[in-house]
């Protein structure tokens, strides 16, 4: 954030000095985790479902915090500065918005059901070639995350890329009106967070709220081939900039390449050719949205190529590695029916380039799908039955229906017995089973909602096979 004195922060958050004392120290940053506080920072204690950050104010001061916000009557000891506020999360947001108003950077906001974080990473790396650009290091897309992202900026920042997510009505309206982005990208809209948004029209309406905060002179970037295009277009005063299809303002053309996902993708946006050395054809569409914004900002095709070459996907998003001959594809950060289908297509393409070993799908529950959760899981199972999978391991809850549908479809097509299916309600027995089962040459896909914990499972299995070199079974 910009350089501030404590008195400036007190005014920005409408706080009262409390035990702040008479001195006015410079604040070097903001931290919400007392274990990670750096000397000179402002500690912001947040109240969560299972903890209350106010219990750790003293610990933050022991690690060098210059001051702390508090919504309680609290005393941290002599010489320790406490700033009283009515609500610490609201105060953090107010400080973030003050920081936004004091600096001159521009904001590109990204929303969608899938592809937000990947598109953010593409755009951050591309803009970083020609500008001082920043973005949150993780998927910070709710009230807290957006506030922390805004506080990543300082006097040198020229462009900020921010994710905005929603699981209920009114959330994107709130975030967008406060952030006031100059540009908005909407990625793919699909079935997700159905417990709060009910159906696809409800999701589209919730995503459209993001335009309520768009700068009057700002631009929206939409994919005409994606659901909701006409509804989003109707929300705008002018025409959107379009990407992702042949007839768009920034037309996308995929150039078939031998080797598929392992060799990356060659594609054109307009007359310029680019390369994406990352798995997943859907990521080409995400990249084209980032390229569209960059071109409008004057970034050269050469700089765009440089930015794409630098980009690596965040943990749990189609990370590919090989350990002791076992091939891992970790796409476990989150899942909904759309992203699950994309992951299965990418895994099929990846496996086609490796002849040896078995194809093993480790799929966990897709959460927040509402009363039709069983249907959506069964739909994925039926789809998977037509793909070259030798072993299916499902983990937790409704993923059981995915496995049952997979088995039914295989049996009805006369392929009974050519694939094994296992279901586990807990990670521990699944870990034990897979540790004994996998062999050199096997390819494993991990995909589930983040709360299922498959990313940790993938990493543990990677360590296991690395410590115990496996041989291909004799057949």
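The values are calculated or read from the model by the stated rules, or taken from the named source; none is laboratory data. Quick caveat: nothing in here was measured; it's all calculated off a predicted structure. Reconstructed Cβ throughout: ideal geometry from the backbone, glycine too, with neighbour counts over all protein chains shown.
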Would you check if there is a residue in the stretch 315-333 being in a helix (DSSP H, G or I) and closer than 24 Å to residue 138 by Cα? no
Restricting attention to the stretch 388-418, the residues that are assigned to a loop (DSSP other than H, G, I, E, B) and either under 32 Å from the mean Cα position of the chain (by Cα) or under 21 Å from residue 376 (Cβ atoms) (or both) number exactly 6
Conditions (1) assigned to a helix (DSSP H, G or I); (2) at pLDDT 95 or above -> residue 110 fails only (1)
Over the stretch 347-367, the set of residues part of a helix (DSSP H, G or I) and within 12 Å of residue 444 (Cα to Cα) is 347, 348, 350, 351
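Look through 210, 203 and report the one residue that is crowded, with 21+ Cβ neighbours inside 10 Å, modelled with pLDDT under 90 and touching a helix residue (DSSP H, G or I) at 6+ places or on another chain (Cβ under 6 Å).
Result of the check over 210, 203: 203.
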Checking 402, 457, 444 in turn, the sole residue that is assigned by TED's automatic domain parsing to the domain that holds residue 328, under 22 Å from residue 352 (Cα atoms), touching a strand residue (DSSP E or B) at 6+ places or on another chain (Cβ under 8 Å) and crowded, with 20+ Cβ neighbours inside 10 Å turns out to be 444
Residue count, the stretch 279-304, condition surrounded by 23 or more Cβ atoms within 10 Å (Cβ to Cβ) and not in a helix (DSSP H, G or I), comes to 2
